[in-house]
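Asks: Please find one structure pasted underneath; my questions will follow.
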Amino acid sequence: MKKLVALLLAVCLVFGLMTTVFAAEEKADNIVVLYTNDVHCAVDDNLGYAGLAAYKAEMEAANEHVVLVDCGDAAQGGPIGTLSKGEYLIDIMNAVGYDYATFGNHEFDYGMEALQNLIDKAQFQYLSSNLVYTGAEGKGLTGYKAYDVATYGDVKVAFVGIATPESFTKSTPTYFQNEKGDYVYSFCEGNDGADLYANVQATVDAAKADGADYVVAIAHLGIDESSEPWRSTDLIANTTGIDVVLDGHSHSTVASEEVANKAGETVLLTSTGTKLNAIGKLVITADGTITTELVTDYAAKDETADAFVKDIQAQNQVLLDTVVAKSTVDLTTKNADGTRAVRNRETNLGDLCADAYRIVSGADIAFVNGGGIRADLSAGDITYGDVITVHPYGNALCVVEATGQEIIDALEWAARNTAGLASDGTNSIGEMGGFLQVSGLKYTIDTGVASSAKGDDKSMFAAVEGEYRVKNVQVLTNGKYVPIDPKATYELASHNYMLKSGGDGINMFMDNKLLQDEVMLDNQVLITYIEDYLNGVVPATYAKPQGRITVIPTKYADVADGNWAVAAINYVTEAGIMNGTGKNFDPNGSLTRGQLVTMLYRQAGKPEVEGKLSDTFTDCEDGKWYSNAVLWAAQNKIVNGYGDVFKPNQAVTRQEMAKILYGYDVAVNGAEKVEAAALSYKDADTVASWALEGVAYCTAKKILSGSNGNFSPANTATRAMGAQVFMNIGKLAAAAEEAT
């Protein structure tokens, strides 16, 4: 009998254990929605996609219904996204098992064709109720829905996608336009938010009509004050019927916040931050209880997902070695002698990078700080890795409204250390990481003017207290450079480091109106410019700096700051027309006949000459520094000499200079000959008859004029005078070229 009882007890125990096992294996009748936002290609940062996959598997083991959604900005932000145009991120999201996603503003960064490819590639459903194609011709993006209703047991949940209208400015505006520049997409942005609220409300109502018991918004709106009236909080306050808003865009970390909707009902708002620093978890229980939380303390990794991600990362080297463009020329940050130039001089690579910012953004002007251009690009293939070395910081393209005066002040601040005279009159060799490479702009830095730009105790720009060393600032307008208007407003492109954060102390734009906000990483800007606007090849037009920044250097110990001729001396030195004598220029020294003719010869580009100078002038030797110049001038009837002698070392008088300059313009530039005219100088009657035409011509052209009402024809011309004359000639030539 005892054995029978024992047997019965054993059977009962077994059944009891079986019941316990079966009970342990039963899943909770919950709907668990896991959510991510603003991953920005951080595939293994923080919890990583492998951690997400492991947590998803754990939830699936414990709950009847598990859904995984993304709230936008997954496919952009790192090399893995940039070079694959987001495709590798879609591959990973497919492998992890996403069900739904909405568009973040950065999903548009690769253009509509690339985004369509991502939509087609995704094994999950993209949702956006308020992205509407409005074009009259053709068609827009396909394959996404306004909402989707999923059935879990006998419960229906609607997922509604909502994309930020800020995508227009926080991606590339032209992507939403047709070839005529007309916008062919809408985010229901109008009427101070009312159009967005109406669109979402209509979508929620439609989902409810389809039988939805719950409505979950998968939004990329954010809660930043600057995003008003399109914030998620604004949306909730102006709609009804939404139960939970899973949010992205502002990188906010919100575990669970209760927000009242239009009817005063509670809506939960939540967001995970950025770069997988948390996994969002929404739970809808069988009794209708809704909760949200953020999972941060989780160390497990799904081996399969981890291997998949690592395999793609291993391919990153392949990506970095992938050719993305070509160049026909060497693009450099250096001077010809190999010293660094990009922080105090214009370089051809600086021109290219600045052009990329201006042209891709469509702005009027672009700035790129020299310190942000970190490496050269050799002629030939350009790899993605090469571009990363040029722009390694991941700064993002922005556009602001800026006044002409703000632009001038930024140039002045950035040029304050440019090589030239220091405040004590000695020569300084200075540079600055904030030195501005420019596009759509020209400017001159006169280093003969000691900088008076002042900063605060944090080295942020405060004021310019004296004369500006930045001069002649011009803006490219309708294909021509015109003087900048300090009171006018221009669209200025650069990156967030400068325009939003005041990088390098350039803080005058930080409070300005943002027209485009962090629309594309700097390396992608450069790739996009070369690929889409240069047909994949940097042309020969970038072989040399394009003359946007003129630096007038002062390097002579005997030319003090404030000398009347400093700008002219610097001009002829920079142009290679005159040289100093060691450390000095000797500005007050006599200008000789040989020196004047040599300067004209250099101005003419040193044309080839044949013959012997000694056969023309008996007092001249062949092979001297002046020989080719004097022979060229004699052959072109610019000079006659004194019979069979030229007197190359004799100081030239002012009237001789006028005659020679006149002869040069007639012979080389085709100037019309003039008749000797009555001169208004008080000493006009002392001008030699043979010099009258030359003096009249130079006076009329403002090449060489007198002082205090006198021309002083017999006075010796100085080297400083010669420098001033040739700067005048240069200005006339530039004005003539500008007029053509």
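The values are calculated or read from the model by the stated rules, or taken from the named source; none is laboratory data. Since the structure is predicted, the reported quantities are computational estimates derived from the model, not experimental observations. Ideal geometry is used to build each Cβ from the backbone, glycine not excepted, and the neighbour counts take in all protein chains shown. Side chains are part of the model used for accessible areas, which takes the heavy atoms of the whole protein and leaves out ligands, DNA and RNA. Shrake-Rupley method; radii C 1.70, N 1.55, O 1.52, S 1.80 Å.
Asks: If you check I660 against the conditions, is it open to solvent by less than 20 Å² (accessible area, probe 1.4 Å), under 24 Å from F585 (Cα atoms) and touching a residue at least 60 places away in the same chain (Cβ under 8 Å)? Don't jump to the end; show me each part of the working.
Replies: On the way: open to solvent by less than 20 Å² (accessible area, probe 1.4 Å): yes; under 24 Å from F585 (Cα atoms): yes; touching a residue at least 60 places away in the same chain (Cβ under 8 Å): yes.
Yes; evaluated as a whole, the condition is true for this residue.
Asks: Looking only at the range 251-264, which residues are in a loop (DSSP other than H, G, I, E, B) and either of a type in the set (A, V, I, L, M) or under 14 Å from D234 (Cα atoms) (or both)?
Replies: If the condition is that a residue be in a loop (DSSP other than H, G, I, E, B) and either of a type in the set (A, V, I, L, M) or under 14 Å from D234 (Cα atoms) (or both), then N261, K262, A263, G264 are the ones that fit.
Asks: Sort through G589, G623, G580 and tell me the only one that's closer than 30 Å to A450 by Cβ, open to solvent by 20 Å² or more (accessible area, probe 1.4 Å) and not aliphatic (A, V, I, L, M). Break it down into steps so the answer makes sense when it comes.
Replies: On the way: G589 fails: open to solvent by 20 Å² or more (accessible area, probe 1.4 Å); G623 fails: closer than 30 Å to A450 by Cβ.
Just a single option satisfies the conditions, and that option is G580.
Asks: Scanning the range 228-283 for residues that are crowded, with 19+ Cβ neighbours inside 10 Å, in contact with a strand residue (DSSP E or B) (Cβ under 7 Å, 6 or more places away or on another chain) and of a type in the set (S, T, N, Q), which turns out modelled with the lowest pLDDT?
Replies: Taking the candidates together, the pick is S252.
Asks: Let me ask you something else. Return only the number of the condition from (1) out of contact with any Leu (no Cβ under 6 Å at 6 or more places or on another chain); (2) open to solvent by less than 20 Å² (accessible area, probe 1.4 Å) that G722 does not satisfy.
Replies: (1)
Asks: Let me ask something else about it. Write out, first by first residue and then by second, each pair whose Cβ atoms fall under 6 Å of each other, whose residues are 6+ apart or on separate chains, and whose first residue, in the range 330-347, is more than 10 Å from F435 (Cβ to Cβ) and in contact (Cβ under 8 Å) with a residue 12 or more places away in the chain while the second is among the hydrophobic types (A, V, I, L, M, F, W, C) and in a strand (DSSP E or B).
Replies: L331/L377
Asks: Can I ask one more? From the list D665, D683, which residue is surrounded by 13 or more Cβ atoms within 10 Å (Cβ to Cβ) and either within 25 Å of T573 (Cα to Cα) or in contact (Cβ under 8 Å) with a residue 60 or more places away in the chain (or both)? Working first, answer last.
Replies: Numbers: D683 fails: either within 25 Å of T573 (Cα to Cα) or in contact (Cβ under 8 Å) with a residue 60 or more places away in the chain (or both).
That would be D665, the only listed residue that is surrounded by 13 or more Cβ atoms within 10 Å (Cβ to Cβ) and either within 25 Å of T573 (Cα to Cα) or in contact (Cβ under 8 Å) with a residue 60 or more places away in the chain (or both).
Asks: If you take the residues of the range 137-181 that are open to solvent by 50 Å² or more (accessible area, probe 1.4 Å) and acidic (D, E), which of them is modelled with the lowest pLDDT?
Replies: Per the stated criteria, the residue is E137.
Asks: Are there any pairs with C-beta distances below 8 angstrom linking a residue in the range 140-156 that is under 12 Å from V215 (Cβ atoms) and free of Cβ contacts under 8 Å to residues at least 60 places away in the same chain to a residue that is of a type in the set (V, I, T) and open to solvent by less than 50 Å² (accessible area, probe 1.4 Å), with the two at least 6 apart or on different chains, and if so which?
Replies: Short answer, once both residue conditions are applied: K156/V149.
Asks: Continuing with this model, one more query. Out of all the residues in the range 91-115, which are farther than 15 Å from L52 by Cα and among the hydrophobic types (A, V, I, L, M, F, W, C)?
Replies: Hits for the range 91-115 are A101, F103, F108, M112, A114, L115.
Asks: Something else: Restricting the range 592-615 to residues that are open to solvent by 10 Å² or more (accessible area, probe 1.4 Å) and free of Cβ contacts under 8 Å to residues at least 24 places away in the same chain, which is nearest to I703 (Cα to Cα)?
Replies: Among them, the one singled out is G605.
Asks: Report those helices (runs of 4 or more DSSP H) wholly inside the range 565-682 carrying at least 2 residues which are out of contact with any helix residue (DSSP H, G or I) (no Cβ under 7 Å at 6 or more places or on another chain) and over 26 Å from T550 (Cβ atoms).
Replies: 627-635, 654-669
Asks: Follow-up. State all residues of the range 102-118 that are at pLDDT below 90, buried (at least 24 other Cβ atoms within 10 Å of the Cβ) and in a loop (DSSP other than H, G, I, E, B); if no residue qualifies, say none.
Replies: First, the residues of the range 102-118 that are at pLDDT below 90: 106, 109-111.
Still in the running and buried (at least 24 other Cβ atoms within 10 Å of the Cβ): 106, 109-110.
Within the range 102-118, D109, Y110 meet the criteria.
Asks: So, one more: Please go through the range 79-101 and give me each residue that is open to solvent by less than 10 Å² (accessible area, probe 1.4 Å), of a type in the set (G, A, S) and over 19 Å from A219 (Cα atoms), ordered by number.
Replies: G81, G86
Asks: Is there any pair linking a residue in the range 122-139 that is touching a residue at least 60 places away in the same chain (Cβ under 8 Å) to one that is of a type outside the set (A, V, I, L, M, F, W, C) and part of a loop (DSSP other than H, G, I, E, B), with Cβ under 7 Å and at least six apart or on different chains, and which?
Replies: Matching pairs, first to second residue: L127/Y144.
Asks: Taking interchain pairs and intrachain pairs at least six residues apart, which have beta carbon atoms under 7 angstrom, with the first residue in the range 706-721 and of a type outside the set (D, E, K, R) and the second open to solvent by 40 Å² or more (accessible area, probe 1.4 Å) and assigned to a strand (DSSP E or B)?
Replies: Every condition considered, the pairs that remain are T716/S590; T718/S590.
Asks: So V519 fits all but one of (1) farther than 30 Å from G77 by Cβ; (2) assigned to a loop (DSSP other than H, G, I, E, B); what number is the exception?
Replies: Unmet for V519, out of (1) farther than 30 Å from G77 by Cβ; (2) assigned to a loop (DSSP other than H, G, I, E, B): (1).
Asks: Would a scan of the range 202-211 turn up a residue that is over 29 Å from S494 (Cα atoms) and either touching a helix residue (DSSP H, G or I) at 6+ places or on another chain (Cβ under 7 Å) or open to solvent by less than 10 Å² (accessible area, probe 1.4 Å) (or both)?
Replies: yes
Asks: Moving on to the next point. Taking D522 and the conditions (1) modelled with pLDDT of 90 or more; (2) surrounded by 21 or more Cβ atoms within 10 Å (Cβ to Cβ); (3) in contact with a Lys or Arg (Cβ under 6 Å, 6 or more places away or on another chain), which numbered condition does it fall short on, given that it satisfies the others?
Replies: (3)
Asks: Still on this model: Tell me which residues, restricted to the range 440-456, are assigned to a strand (DSSP E or B), open to solvent by less than 10 Å² (accessible area, probe 1.4 Å) and farther than 20 Å from T573 by Cβ.
Replies: L441
Asks: Same structure again: Could you tell me whether the range 476-497 includes any residue that is open to solvent by 20 Å² or more (accessible area, probe 1.4 Å), in a strand (DSSP E or B) and within 28 Å of C41 (Cβ to Cβ)?
Replies: no
Asks: A further question on this structure: From the list D644, D615, D622, pick out the single residue that is touching a Lys or Arg at 6+ places or on another chain (Cβ under 6 Å) and either over 20 Å from A717 (Cα atoms) or of a type outside the set (S, T, Y) (or both).
Replies: On the way: D644 fails: touching a Lys or Arg at 6+ places or on another chain (Cβ under 6 Å); D615 fails: touching a Lys or Arg at 6+ places or on another chain (Cβ under 6 Å).
Sole residue among the options that is touching a Lys or Arg at 6+ places or on another chain (Cβ under 6 Å) and either over 20 Å from A717 (Cα atoms) or of a type outside the set (S, T, Y) (or both): D622.
Asks: Does the range 301-309 contain at least one residue that is outside any loop (DSSP other than H, G, I, E, B) and open to solvent by less than 20 Å² (accessible area, probe 1.4 Å)? Explain how you work it out, then say what you get.
Replies: Our first condition is that a residue be outside any loop (DSSP other than H, G, I, E, B); within the range 301-309, this holds for 303-309.
Next, only the ones that are open to solvent by less than 20 Å² (accessible area, probe 1.4 Å) stay: 305, 309.
Yes: the range 301-309 contains one or more residues that are outside any loop (DSSP other than H, G, I, E, B) and open to solvent by less than 20 Å² (accessible area, probe 1.4 Å).
Asks: Only one of (1) under 21 Å from the mean Cα position of the chain (by Cα); (2) at pLDDT 95 or above; (3) outside any helix (DSSP H, G or I); (4) surrounded by fewer than 21 Cβ atoms within 10 Å (Cβ to Cβ) is not met by A366, so which one is it?
Replies: (4)
Asks: Condition test on D195, is it more than 17 Å from V399 (Cβ to Cβ), touching a Cys at 6+ places or on another chain (Cβ under 7 Å), surrounded by fewer than 22 Cβ atoms within 10 Å (Cβ to Cβ) and at pLDDT 95 or above? First the steps, then the outcome.
Replies: Numbers: more than 17 Å from V399 (Cβ to Cβ): yes; touching a Cys at 6+ places or on another chain (Cβ under 7 Å): yes; surrounded by fewer than 22 Cβ atoms within 10 Å (Cβ to Cβ): yes; at pLDDT 95 or above: yes.
When the stated conditions are applied, D195 passes them.
Asks: Condition (residue is touching a residue at least 40 places away in the same chain (Cβ under 8 Å) and either within 18 Å of Y133 (Cα to Cα) or charged (D, E, K, R) (or both)) applied to the range 234-242: is it met by at least one residue?
Replies: Among the residues of the range 234-242, at least one is touching a residue at least 40 places away in the same chain (Cβ under 8 Å) and either within 18 Å of Y133 (Cα to Cα) or charged (D, E, K, R) (or both), which makes the answer yes.
Asks: For the range 59-101, name all the residues that are on the phi < 0 side of the Ramachandran plot, in a loop (DSSP other than H, G, I, E, B) and of a type in the set (D, E).
Replies: D99
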